[in-house]
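What follows is a single structure, written as structure tokens, with notes after it.
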Amino acid sequence: MATETMLSKVPIKPEQVFRIKGEYKDTEKAAQEYEQVLRTSFKIADGQFPRFDLVFLGIGNEGPTASLFPGTKALHETKRLAARNWVGKLYTNRITLTAPAINNAARVIFMVTGRGQGAGIKRHFGRTARARPIAGTTDSAAERQTSLVGGHGRRRHAFYRNSR
């Protein structure tokens, strides 16, 4: 889906795209493999985080982003780049970038669609990461600059955080 709708429209080489292997039955192995691919590609050691140019995320109604869901263990991960995350509500494991990996990006964009989502997004910021995962993927309020773009009714809304 990402390739068809976005990546095929920009001038990047396929070897610049690193896909999480979500089809693996062993999600811990998939997370470890993805982390190793990132460490090798970015030439970074343990304890370091890659500097992505852009991390593009969606946000669910209850604030999950990047498969970081309220009350899940991956919200507290501080050393890994990618992690397996058990989501009891969905009764499944998900693979996610961790909040520190997301926060190290030069730019993070949250795309949200649907009527009334703008107010919901504003509500998610300022809450703890445990209550709303999106809050864990942002810098402190003093450093964070945010904007809401879009129209009314059926038009789309985009929420984004400016680069550092």
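When each of the peptides 3-15, 36-48, 93-105 is scored by the mean number of other C-beta atoms lying within 10 Å of its residues, the order from highest to lowest reads 93-105, 36-48, 3-15. Note on ALA2 and GLN36: their simple-model spin labels are 2.0 nm apart, each label 7 Å out from Cα toward Cβ. Sequentially through the range 32-38, phi angles give Karplus couplings (6.51, -1.76, 1.60; θ = phi - 60°) of 5, 5, 5, 4, 5, 4, 5 Hz, Gly and Pro residues having no value and appearing as x. Residues of the range 52-81 falling in the label zone of ALA45, defined by backbone nitrogen less than 17 Å from a point 7 Å along Cα to beta-carbon, are 79-81. A cut-off of 5 Å between modelled amide H atoms, ignoring neighbours fewer than 5 places along the same chain, links ASN93 with VAL87.
Residues whose amide H comes within less than 5 Å of that of LEU57, counting only those at least five positions distant or on another chain, are ILE109, PHE110, MET111 (H built at 1.01 Å from N in the peptide plane). Taking label positions 7 Å along the Cα-Cβ direction at both ILE12 and THR78, the computed distance is 3.0 nm, reported to one decimal.
FYI, it's all coordinate maths here, none of it is from the lab. Here the structure is a predicted model, which means the values were calculated and not measured. Don't worry about glycine lacking a Cβ; one is built from the backbone with ideal geometry, like all the others, and counts go over all protein chains shown.
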